[in-house]
Amino acid sequence: MAVASSLSADRLPRHVAIVMDGNGRWAKKRFLPRVAGHKQGVNALRNTVQACLDRGVQVLTVFAFSSENWNRPVDEVSGLMELLAVALSREVPKLHQSGVQLYLPGDRASLSPRVQKALAQAEALTADNRRLVLNVCFNYGGRWDIAQAARRLVAEGREITEAALSETTALAHVGDPDLLIRTGGEMRISNFLLWQSAYTELVFTPCLWPDFDAQALDVALTEYASRERRFGQTSEQVASASGAAHA
Ligand code: IPE
Ligand code: IPE
Ligand code: MG
């Protein structure tokens, strides 16, 4: 909390994205099945959502299941599908009470009808909430997202421009992330927000996702606050623009 209180509001990212990685290793260290790590990961997500609400972050986008995670052992994949269904039924009422708008970007066609129905119901229930938008990317891939956006534009007979693609991707309702955190120590994007993270600040931490908490979030937020976002400009241009903005 101490770190958060030292962060000024204008240095807080509006949109935070997280690759929640390291569940399997967390479980392995404890001689537990991998799915136990995923279960503990749901608790870490619950705490992180609360920390984002407390700090005034407006959008949280997390990577829960990638297009490539289908390649995992069958029992782990079915465990993750089951966990999604259980977590939705347990967590959605609480999220709704907290003013969280839930959205699940990803390719739903290959999910079971039961899960598809639960996703649609959760989104409908929370659609009018405005405190925080929580995007749980499930069966999501950055390449899938760009391809599905291009396909839709073609089907509508529209020109494929950067602006048109931006407004057709699965994250168009929230804009691009300011900060992307990856837990678990790997330094790669693993097909997460390829289009949307063009100018996102990246923070990597060895912390395994089930161990992630408000304090770990504050470390990442502090790191973000120290970065200079230049968007292709020079440092001098950025400094004079921010001086003018504060004059
Ligand atoms: C991330 O944790 C969760 C998913 C990919 C579903 P992992 O399961 O990848 O954990 P590690 O990387 O094996 O530790
Ligand atoms: C990325 O983690 C996907 C999610 C966290 C959902 P992975 O564990 O699947 O990534 P790789 O395979 O190590 O790149
Ligand atoms: Mg992993």
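Scanning region 29-86 for residues being under 24 Å from Gln196 (Cβ atoms) and of a type in the set (A, V, I, L, M, F, W, C) gives a total of 16.
Here Gln50, Gln40 are screened, and the one residue that is polar (S, T, N, Q), modelled with pLDDT of 95 or more and closer than 30 Å to Arg229 by Cα is Gln50. For region 30-69, how many residues are within 12 Å of ligand 1 (Cβ to nearest atom), in contact (Cβ under 8 Å) with a residue 60 or more places away in the chain and surrounded by fewer than 16 Cβ atoms within 10 Å (Cβ to Cβ)? Adding up the residues that qualify gives 1. Being free of Cβ contacts under 8 Å to residues at least 24 places away in the same chain and over 17 Å from the mean Cα position of the chain (by Cα) holds for only one residue in Glu123, Glu162, and it is Glu162. Of the helices (runs of 4 or more DSSP H) lying entirely inside region 1-92, those containing at least 1 residues that are within 15 Å of the chain's Cα centre (by Cα) span 34-55.
One residue alone among Thr200, Thr222, Thr205, Thr234 is polar (S, T, N, Q), surrounded by 13 or more Cβ atoms within 10 Å (Cβ to Cβ) and out of contact with any helix residue (DSSP H, G or I) (no Cβ under 7 Å at 6 or more places or on another chain), and that residue is Thr200. When Val92, Val74 are checked against the criterion of being more than 14 Å from ligand 2 (Cβ to nearest atom), free of Cβ contacts under 8 Å to residues at least 12 places away in the same chain and among the β-branched types (Val, Ile, Thr), a single residue qualifies: Val74.
Selection over region 14-52 of residues that are of a type in the set (D, E, K, R), within 16 Å of ligand 2 (Cβ to nearest atom) and closer than 20 Å to Leu221 by Cβ gives a count of 1. Of all residues in region 155-204, none satisfies the criterion of being within 16 Å of ligand 3 (Cβ to nearest atom) and more than 22 Å from Glu68 (Cβ to Cβ).
The values are calculated or read from the model by the stated rules, or taken from the named source; none is laboratory data. The model shown is predicted, which means the values in this text are computed figures rather than measured ones. Using ideal geometry, Cβ is built from the backbone for each residue, glycine included, and neighbour counts are taken over all protein chains shown.
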